[in-house]
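Engineer: Sharing a structure here in structure tokens format.
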Ligand SMILES: [Zn+2]
């Protein structure tokens, strides 16, 4: 499984940046995880739009869905030009009926409602869901490949013990780290770098990737915070520099 950060900023993007999104690739199947502001541009640095097979949405905050409308336009245009021969498969929760219904245009996007009660087969993976602690209903995601190797995305969440059993047994944790630990009371509904490290430590993952980063301060401090409690490797997600390949014997890091 290739894991490519496309947008790593929380809340809003800086100049030439993008908010939440990762591209996952395996066996020729390509799936976006969230589609924040600036993501459609970032995505096309890696693949042609018509090669995108699926989109999984964790929740309906703008920094996770801002580019869904333009993605829909892109899929429509490419379908009309006969560059694309299938609808985009979209997976999201239906607790917010208005937002969920916007994903279902009947022609270019096909939406499937997901929930913690059931595992979804998406391309080559089995995907599980877990409710997080966030001001709006939000689902953490666990992608498990054919080698039974898993990666978990926390999505947006405050510290919650609900996530511990969900993450346990995974190779890699991709955690939000929205703020610095001394500011955690000011930014409710999110994790600090230190709390992301604590999640990694308590669940025994091998590797921690920090994302959903703050637009203030120095995000490398988040790495120091996480390393203060977690002895595995900690990395800041960076669209310009790195991708990760998750093998059954552990993830490897590569550079573009
Ligand atoms: Zn959010």
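Engineer: Sort through 12, 60 and tell me the only one that's closer than 21 Å to residue 237 by Cβ and within 16 Å of the ligand (Cβ to nearest atom).
Structural biologist: Selected residue: 12, the only one of 12, 60 that is closer than 21 Å to residue 237 by Cβ and within 16 Å of the ligand (Cβ to nearest atom).
Engineer: Report the residue count in segment 128-162 for those that are free of Cβ contacts under 8 Å to residues at least 40 places away in the same chain, within 16 Å of the ligand (Cβ to nearest atom), within 21 Å of residue 206 (Cα to Cα) and outside any loop (DSSP other than H, G, I, E, B).
Structural biologist: The number of residues fulfilling the criteria is 2.
Engineer: Mind listing just one residue for me: the one in segment 70-99 that is in a helix (DSSP H, G or I) and either within 14 Å of the ligand (Cβ to nearest atom) or within 18 Å of the chain's Cα centre (by Cα) (or both) and, of those, surrounded by the fewest Cβ atoms within 10 Å (Cβ to Cβ)?
Structural biologist: Top of the filtered list is 99.
Engineer: Quick one: is residue 45 assigned to a helix (DSSP H, G or I) and either away from the ligand (no atom under 16 Å from the Cβ) or in contact with a strand residue (DSSP E or B) (Cβ under 6 Å, 6 or more places away or on another chain) (or both)?
Structural biologist: no
Engineer: For segment 118-125, indicate whether the set of residues that are under 19 Å from residue 60 (Cβ atoms), in contact with a strand residue (DSSP E or B) (Cβ under 7 Å, 6 or more places away or on another chain), within 16 Å of the ligand (Cβ to nearest atom) and outside any loop (DSSP other than H, G, I, E, B) is non-empty.
Structural biologist: Checked against the condition, which is being under 19 Å from residue 60 (Cβ atoms), in contact with a strand residue (DSSP E or B) (Cβ under 7 Å, 6 or more places away or on another chain), within 16 Å of the ligand (Cβ to nearest atom) and outside any loop (DSSP other than H, G, I, E, B), segment 118-125 yields no hits at all.
Engineer: Same structure again: How about segment 163-181: which of its residues are assigned to a loop (DSSP other than H, G, I, E, B) and more than 16 Å from the ligand (Cβ to nearest atom)?
Structural biologist: Within segment 163-181, 168, 169, 170, 171, 180 meet the criteria.
Engineer: Could you list, in sequence order, all residues of segment 3-28 that are outside any strand (DSSP E or B) and surrounded by 23 or more Cβ atoms within 10 Å (Cβ to Cβ)?
Structural biologist: Once the filter is applied, which keeps residues that are outside any strand (DSSP E or B) and surrounded by 23 or more Cβ atoms within 10 Å (Cβ to Cβ), segment 3-28 yields 8, 10, 18, 20.
Engineer: For residue 210, are the conditions met, namely being at pLDDT 95 or above, in contact with a strand residue (DSSP E or B) (Cβ under 7 Å, 6 or more places away or on another chain) and farther than 18 Å from residue 131 by Cβ?
Structural biologist: Answer is yes for this residue.
Engineer: Moving to a separate point now. Quick one: in segment 104-115, which of the residues that are part of a loop (DSSP other than H, G, I, E, B), in contact with a strand residue (DSSP E or B) (Cβ under 7 Å, 6 or more places away or on another chain) and farther than 26 Å from residue 11 by Cβ is modelled with the highest pLDDT?
Structural biologist: Only one residue fits best here, namely 115.
The values are calculated or read from the model by the stated rules, or taken from the named source; none is laboratory data. Just so it is clear, the model here is predicted, and its values are computed rather than measured. Every residue, glycine among them, receives a Cβ derived from its backbone with ideal geometry; neighbour counts consider all protein chains shown.
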